[in-house]
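Undergrad: Okay, here's the structure, questions in a sec.
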């Protein structure tokens, strides 16, 4: 018996999606009110919204490149490596916050589910106790009301586990990817890739 082994196909690398941003100077990228050391600075809210909105447009598995075009360099330009570190730190920090928010939502979902199940069970037990008590039409109203109330108590946990966690997890993963994206800084008179 002969088996044919085909040579393995070369590993296909995904093309990087480019996010281009044009700035007058590099400080426009950062929050000017933030007094933190440069590598810990927050991004400017408008710059962050622009970058994140583009990053969300691309598939999670595809790599990103942030190309920053600076039209005027100041007398002492900020080193490219420091800008790259600051951007990576910021998005890694945001990924951490999103991960904590996701975990909080899952914890809330578990607690809501427990409360909902206990309440639903209690309602169903009361319905069984009311069964056969009094005229059928009169006792049917509270029984049906209790069944509905029990299922309404399950609304929030079902909403969390079916719908609410998707966008949080996606935001966490987008920020995580952005915390590692390649950054290119293009300044007047030269082009640099970090």
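Values in this text are rule-based calculations from the coordinates and carry no lab data. The structure presented is a predicted model; accordingly, all values stated were derived computationally and were not measured. Positions of Cβ are generated from backbone atoms using ideal geometry, with glycine treated the same way; all protein chains shown enter the neighbour counts.
Undergrad: Using helices alone, I'd like the mean residue ellipticity at 222 nm for the chain: each DSSP H run of four-plus residues gives -39500 (n - 2.57), total over residue count, nearest 500.
TA: Computed ellipticity for the chain at 222 nm equals -17500 deg cm²/dmol.
Undergrad: I'd like to compare 176-182, 35-41, 147-153: which one has the highest average count of other Cβ atoms within 10 Å, and what's the full order after that?
TA: Packing proxy ranking, top to bottom: 176-182, 147-153, 35-41.
Undergrad: As an exercise, use a Förster radius of 41 Å and the Cβ-Cβ distance of residue 22 and residue 113 to find the FRET efficiency, rounded to the nearest 0.05.
TA: So the FRET efficiency works out to roughly 0.25.
Undergrad: Between residue 121 and residue 170, what is the label-point separation in nm under the 7 Å Cα-to-beta-carbon projection?
TA: Placing both labels 7 Å beyond Cα along the Cβ direction yields 3.6 nm.
Undergrad: Packing-wise, with mean Cβ within 10 Å as the measure, how do 93-101, 74-82 rank, highest first?
TA: Peptide ranking by packing, descending: 93-101, 74-82.
Undergrad: Additional query: Out of these labelled values of percent of Cα pairs over 25 Å apart, [x] 58; [y] 50; [z] 34, which was calculated from the coordinates shown here?
TA: Among [x] 58; [y] 50; [z] 34, the one calculated here is [x].
Undergrad: Which angle from 0 to 90°, rounded to the nearest 10, does the C-alpha axis of helix 136-152 make with the longest principal axis of the chain?
TA: Between helix and principal axis, roughly 20 degrees.
Undergrad: Still on this structure, I have one more. Using only Cα atoms, tell me the angle between helix 165-178 and the longest principal axis of the chain; keep it within 0 to 90° and round to the nearest 10.
TA: 10 degrees
Undergrad: Using a/c under 1.5 as the rounded threshold, could you call the stretch 54-157 rounded, prolate or oblate? The axes a ≥ b ≥ c are square roots of the C-alpha gyration tensor eigenvalues, and prolate needs a/b larger than b/c, oblate otherwise.
TA: Because a/c hits 1.5 or more and a/b exceeds b/c, the stretch 54-157 counts as prolate.
Undergrad: Enter the angle in degrees (range 0 to 90, nearest 10) between the Cα long axis of helix 45-57 and the first principal axis of the Cα atoms of the chain, meaning the one along which they spread out most.
TA: 70 degrees
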